[in-house]
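The structure appears right after this line, and notes come after that.
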Amino acid sequence: MLELLSLPFMQRALIGGVLVGFLASYYGVFVVQRGLSFLGSGLAHAAFGGVALGLLLDSEPLWIAVPFTIIVAIGITWVKNKTKLGSDTTIGIFFSVSMALGIVFLFMRKQYSVDAFTYLFGSILSVSYTDILFTSFVVIITIAFFPLWKRWAYSSFDRELAQADRVPVLFDDYVLSVLIAVTVVVSIKLVGIVLIAAFLVIPAATARLLSKSFSRMTVVSIIIGTLSAIVGLWASYLLDVPSGAAIILLQACTFFISMIFSSAK
Amino acid sequence: MNQNILELKNLSVNYGEHTVLDSINFTVTSHSFISIVGPNGAGKSTLIKVLLGLTEFSSGSVLIFGNKPGKVDSSLISYVPQIKTMDRNFPAIAIELVISGVQQRWPWALHGDARTKAENALQLVGAKQIANRAIADLSGGELQRVCIARSIAKYPKLIIMDEPAAGIDAVGESDLYKLLEDYQSKSDATILMITHDWHIANHHSDFVLVLNRKQISYGPPVESLKEENMRRAFGHIGHDHTLKSF
């Protein structure tokens, strides 16, 4: 373990893992409780469009993916609030369009995209210091916005009650969706586009099984998300498998053990 | 002297070509119990949403405590939605639900003044022993008690309730109205509720608004719930035997 910590790429991966594990499991509680599990998939595929555009333009893919995914997140929230379409339908439309754009961008690049594989499945080798700095900035923003937890939680419980108590639920929806979008993008390198939805959902779903209150669910989700990222990255190195898959399989084990434990109670 | 807390003049709500409420006029004074009666689709819930500032109205004027809906100090008003519309899978214990009524935000921690107020409110409705139970494990009657505690915990001047008896049994319903009357006798609060039960409206209300998109009648129960008004609102009255007792 100590030998592992002496490797610079592993240090970066572990710091990155702790940061994105915290972010995804924190925002995941709102995703799960609002029934927006499909949003994670939608935004991950939107991020794929942004990453592909970044690869096409030969610039750092994440710098393109961040604004690209934020625009899609705002678009999903806007269409959902302006029309009578269900959120799954709205997300499904943006999901497909972003994916189609991503395929077109990769096709236009006319060269084999080895990087694309990393973005799809995640890799412990891919995390740079710049990624860590940017992710740390998102964590600081998240902590600074912690007072919004009380409003997001209230409208997650009952939107109408929250509105009646003058909570600006629509504004809050936009802020939450933008922060979830940024979380998805910063998680891509470690977890991979294919598995990000699970990374958002599983720690929160596990915490739901173990918690009677929403604040406790949030804390338990963060603990599971962060620890599973650390242990998953370690397993990824030892077993030489993609980091995203290792983390998600570990989280899935935790979920099923928790399910058995909570059913037995 | 009782003061006007709610004044509606020619209130109309249209969704496109569709008129949901047409020319509603009534005034509510403090310390009164108002029931809103009408068939499904009569615009009762829309009226409540207008009062809460959740729905825009098309014409007319609405003043609550002298202000427009949405501009009123929200600590003056409590809203009790139908318990059947509540997400009971949300991870919450009863006291958190009550504190959310005090703080108008979901509580992160359970301490301080808000907790004391919530415990007092739960005590008042005889539900202190279920304070730490998950809302998913409460019966309909218990959850309704918690919701009443939630609505009174911040000592509002106006409680707006959407079919408070829906989803609870007869004993729970009887307890519910006793709790409301007890609270009203100890405070100068006004209670405004939607109900389908004409008997309840007749028995508990100071004034009844009979509605079917238009205002059919507004006044003391014996006048407002007259047979001709009920026929105009519901089209027929034969299905409801409670009317015979009026």
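For the range B:125-221, which helices (runs of 4 or more DSSP H) that fit wholly inside it have 2 or more residues that are more than 21 Å from B:Ser100 (Cβ to Cβ)?
Ranges flagged: B:170-186, B:198-204.
This table checks each residue for (1) under 18 Å from the mean Cα position of the chain (by Cα); (2) under 15 Å from B:Gly38 (Cβ atoms); (3) among the acidic types (Asp, Glu).
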site: B:Ala127; (1), (2), (3): no, no, no
site: B:Gln144; (1), (2), (3): yes, no, no
site: B:Ile152; (1), (2), (3): yes, no, no
site: B:Ala165; (1), (2), (3): yes, no, no
site: B:Ile168; (1), (2), (3): yes, no, no
site: B:Leu192; (1), (2), (3): yes, yes, no
site: B:Val210; (1), (2), (3): yes, yes, no
site: B:Gln215; (1), (2), (3): no, yes, no
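When you look at A:Ala46, is it among the aliphatic types (A, V, I, L, M), out of contact with any strand residue (DSSP E or B) (no Cβ under 8 Å at 6 or more places or on another chain) and surrounded by 24 or more Cβ atoms within 10 Å (Cβ to Cβ), yes or no?
In short, yes.
Which one is nearest to the other protein chains (Cβ to nearest Cβ), of the residues in the range B:31-56 that are without any contact (Cβ under 8 Å) to a residue 60 or more places away in the chain, touching a Ser or Thr at 6+ places or on another chain (Cβ under 7 Å) and not basic (Lys, Arg)?
B:Thr55
May I ask you to list the residues in the range A:95-119 that are surrounded by 13 or more Cβ atoms within 10 Å (Cβ to Cβ), farther than 22 Å from A:Gly244 by Cβ and in contact with a helix residue (DSSP H, G or I) (Cβ under 7 Å, 6 or more places away or on another chain)?
Selection gives A:Leu101, A:Arg109.
Can you name the condition, by its number, that A:Ala204 falls short on among (1) out of contact with any helix residue (DSSP H, G or I) (no Cβ under 8 Å at 6 or more places or on another chain); (2) of a type outside the set (S, T, N, Q); (3) modelled with pLDDT of 95 or more?
If we test A:Ala204 against (1) out of contact with any helix residue (DSSP H, G or I) (no Cβ under 8 Å at 6 or more places or on another chain); (2) of a type outside the set (S, T, N, Q); (3) modelled with pLDDT of 95 or more, just (1) comes out false.
Across the range B:57-67, what is the number of residues that are more than 19 Å from the chain's Cα centre (by Cα) and surrounded by fewer than 18 Cβ atoms within 10 Å (Cβ to Cβ)?
Within the range B:57-67, residues that are more than 19 Å from the chain's Cα centre (by Cα) and surrounded by fewer than 18 Cβ atoms within 10 Å (Cβ to Cβ) number 6.
I'd like to check which helices (runs of 4 or more DSSP H) are fully inside the range A:154-224 and have at least 1 residues that are polar (S, T, N, Q) and within 14 Å of chain B (Cβ to nearest Cβ).
Per the criteria, A:159-164, A:196-210.
Looking at the range B:65-113 only, could you name the residues that are more than 7 Å from every other protein chain (Cβ to nearest Cβ), assigned to a helix (DSSP H, G or I) and closer than 25 Å to A:Lys212 by Cβ?
Passing the criteria: B:Ile83, B:Lys84, B:Thr85, B:Ala94, B:Ile95, B:Leu97, B:Val98, B:Ile99, B:Gly101, B:Val102, B:Gln103, B:Asp113.
Checking A:Phe146 against (1) more than 14 Å from chain B (Cβ to nearest Cβ); (2) of a type in the set (A, V, I, L, M, F, W, C); (3) in a loop (DSSP other than H, G, I, E, B); (4) surrounded by fewer than 18 Cβ atoms within 10 Å (Cβ to Cβ), only one condition comes out false. Which one?
(1)
I'd like the residue in the range B:114-129 that is away from every other protein chain (no Cβ under 13 Å) and aliphatic (A, V, I, L, M) and, out of all such residues, is surrounded by the fewest Cβ atoms within 10 Å (Cβ to Cβ).
In this case the residue turns out to be B:Leu124.
The values are calculated or read from the model by the stated rules, or taken from the named source; none is laboratory data. The structure displayed is predicted, hence computed values, not measured ones. In this analysis, Cβ positions are derived from the backbone assuming ideal geometry, glycine residues included, and neighbour counts consider all displayed protein chains.
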